[in-house]
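See below for the structure under consideration.
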Amino acid sequence: MDGNGRWAKERGLPRLEGHRAGAESVREVLEACIELGVEYLTLYAFSSENWSRPPAEVTALMSLLDRFLDEKAKDLDRQNVRLLAIGQLDRLPAKTRALVERIKARTAENTTLTLVLALSYGGREEIVSAARSLASDAVDGKIAPSDIDNDLFASRLQTAGIPDPDLLIRTSGEMRVSNFLLWQISYAEMVIVKKFWPEFRQGELFEAVNEYKRRHRRFGAL
Ligand code: IPE
Ligand code: MG
């Protein structure tokens, strides 16, 4: 979800207004995904690199997240949405972490859509942590290095049990991955949308999905 700040700047508004408008896009896109029958939606809400933004912006983003979670807790359950979170959650403010944990527990049995929030998330950090856990098992003699294959590796990622994304959407026209799900997007179809995230609503999602449908996926085969 990129371009909140630029969206606000274009309108002469403070960046926070861009993040507020971006939260509206989240609500709308989530509804649209349910309507489309999407089973997993992962939102890159806050990256491990975003901690280096000015403290006031970090605080504002965290309180927007708190508000979103607080407001949506009932809705998510009513919509039969299950909430999961990936990332270095121990770096989040205690209040935010507690909210995430509470809603995760409350929605654990829901089956319509799984909403995965990437919070304080970095793909490299996730891969390093999987490697560390495998190395430690190898040192303890629980596994041999030759046991390590794609499946075992993937089972140590935070996304274990979550299917790899079919479609990766990036807004505001940026042509980069920015440390998002590095392992998992090996064969994801990428759709780059020029609009800023606050302008990415239901219609834009439907367009991106239509673009995806026109792609011919070969997974390296002919
Ligand atoms: C994305 O918008 C929102 C988050 C990172 C949480 P940005 O804040 O990156 O907006 P730009 O890229 O500066 O326009
Ligand atoms: Mg940005």
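Before moving on, here are some points about what is shown:
- Zone residues, the range 35-77, relative to GLU109, backbone N less than 15 Å from point 7 Å out along Cα-to-Cβ: 77
- Along principal axes, Cα extents of the range 111-194, largest first, whole Å: 50, 31, 23
- Calculated on alpha-carbon atoms, Rg and Dmax of the range 46-133 in Å: 13.8, 39
- Label point of VAL128 set 7 angstrom out along Cα-Cβ; within the range 174-196, amide nitrogens under 15 Å from it belong to 179-180, 182.
- Partner lysines for LYS9 [C-alpha distance under 26 Å; skip if fewer than 8 residues away on the same chain]: LYS194, LYS195
- For the chain, a simple Cβ point-charge model (Lys and Arg +1, Asp and Glu -1, everything else neutral) yields a dipole of about 460 debye relative to the Cα centre.
- Debye log10 I(q)/I(0) for the chain, one point scatterer per Cα, at q = 0.10, 0.12, 0.17 Å⁻¹: -0.48, -0.70, -1.37
- Rounded to the nearest whole angstrom, the semi-axes of the ellipsoid equivalent to the range 165-222, taken from the Cα gyration tensor as √(5λ), stand at 21, 15, 8, largest first.
- Among VAL139, ILE127, PHE196 - extreme Cα towards positive end, dipole of the range 116-212, charges at beta-carbon: PHE196
- Residue-averaged [θ]222 nm for the chain, counting only DSSP H segments that reach four residues, each worth -39500 (n - 2.57): -15000 deg cm²/dmol
- If you wrap the Cα atoms of the range 1-111 in a convex hull and average its projected area over all directions, you get 7.1 nm².
- Rg(Cα)/(2.2 N^0.38 Å) for the range 1-63, N = residue count: 1.25
Every number here is computed from the coordinates shown, using simple stated rules; none is lab data. What you are looking at is a predicted structure, and each value in this text was computed from that prediction instead of being measured. All Cβ positions, glycine included, derive from the backbone under ideal geometry; neighbour counts span all protein chains shown.
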